[in-house]
Amino acid sequence: MEAYGKTKARVKAMLERKLAWRMLREGVIPDPSSSSEDPDILSPAQVNPVSLVLRGVIQQHGGTEKVSRLTGIAPSSLNRLANPFYWGQSTNTIRQVAEGTGARIVLEFNPRKEPS
């Protein structure tokens, strides 16, 4: 679809906007302004508990530089592993941190408490 004086990307964006407005008018998609939730309030991001435990282990053993020397993991990687919003820790890197710091890995599964 070639349009004079317009790039394909601009034409595509214009068509997508028109389609979105049509779907909104026809009720195919809900009107975001009629939502009961306040659009200015965002729900907080989930925090990774594994990162918090790794952060504690790193702090207990002298910080990122020292744990880096003990484990062979780069300091930047240790900082990423301890970031509470990072969810990409592998069991091998967790094991490597545990072996380097002399820590023990304990995994527990506990039943969820039902709301009363």
Can you return the lysines within cross-link range of K8? Criterion is Cα-Cα under 23 Å, with same-chain partners fewer than 8 residues away left out. K18
Given 20 °C, 1.002 mPa s and a Kirkwood radius over Cα pairs, the Stokes-Einstein diffusion coefficient of the range 49-101 in µm²/s is 203
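Since every read-out is calculated from the coordinates, none of them should be taken as a lab result. What you are looking at is a predicted structure, and each value in this text was computed from that prediction instead of being measured.
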